[in-house]
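Scroll down for the structure; my scribbles are underneath it.
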Amino acid sequence: TGKGFMQKVYDYPESTRQSEDVTTGIVWTETLTQTTTPPMMVNRAHFSPAARTCWHEHAHVQTLVIENGVALVQAEGEPIEIVRAGQTIVCEPGVRHWHGAAPTHTMTQFGITLADDEGNYATWGEQVTDEEYSRVDSSKI
């Protein structure tokens with residue numbers, strides 16, 4: 001082990017069901033690690049079919065890697081994008097967006113998010129309505 005290097009091995013964390021304040025449908029997450037300098041969280045989220053986050057934005061870039069299933073992602077004012085396992089999404093700072101599973105697929109995402117100066121990882125808004133969610137071209141899923 002070199003000077004200044006510290007290795008930690010973490011047990012797989014317990015899963016937590018996400019609140020309806022920030023999601024629609026069933027979403028479970030595990031915080032894989034959380035650091036203070038910089039304030040960063042690495043998590044894994046499991047979405048049931050049609051489950052999705054509320055509209056939200058981040059102070060810093062959020063990176064999402066779709067590990068399995070089919071995801072839907074939408075930035076405010078843009079069409080819904082279909083994202084498949086193995087693809088990566090970069091959510092730019094200050095852009096309102098949502099992400100979740102396609103209507104007939106589960107989806108698991110691996111996320112890396114930095115907190116703002118007050119320690120908030122996201123600024124949450126309202127739920128994505130069924131009307132907004134259904135604007136996806138389901139023939140492409």
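The helix-only estimate of mean residue ellipticity at 222 nm for the chain, built from DSSP H runs of length n ≥ 4 each weighted as -39500 (n - 2.57), is -500 deg cm²/dmol after division by the residue total. Could you work out the Kirkwood radius for the range 75-141, taking every pair of different alpha carbons, averaging 1/r and inverting it, reported in Å? Hydrodynamic radius (Kirkwood, Cα only) of the range 75-141 equals 13.9 Å. Dipole size of the chain about its Cα centre, with +1 on Lys/Arg Cβ and -1 on Asp/Glu Cβ: approximately 640 debye, rounded to the nearest 20.
Electrostatic bookkeeping for ARG44 treats Lys and Arg as +1 and Asp and Glu as -1; over the other residues with beta carbon under 9 Å from its beta carbon, the sum is -2. Here the range 1-111 yields Rg over Rh of 1.01, to two decimals, using C-alpha coordinates and the Kirkwood radius. Across the range 33-123, the relative contact order, built from alpha-carbon pairs under 8 Å that are at least six residues apart, equals 44 percent.
In plain terms, the chain is cut at each of the chymotrypsin sites (Phe, Trp or Tyr not before Pro) found in a DSSP loop with at most 10 other Cβ atoms within 10 Å, and the longest leftover piece is 11-141.
Accessible area ranking (1.4 Å probe, heavy atoms, ligands and nucleic acids excluded), largest first, for LEU72, LEU32: LEU32, LEU72.
Using the 1.4 Å probe convention, the accessible area of the chain works out to 58 Å² per residue with neighbouring protein chains retained.
The values are calculated or read from the model by the stated rules, or taken from the named source; none is laboratory data. Note that the coordinates shown come from a computational prediction; the quantities given were computed from them, not determined experimentally. No Cβ is skipped: glycine too gets one built from the backbone with ideal geometry, and neighbour counts run over all protein chains shown. When the accessible area is computed, the model is the full protein with side chains, heavy atoms only, and any ligands, DNA or RNA have been set aside. Shrake-Rupley method; radii C 1.70, N 1.55, O 1.52, S 1.80 Å.
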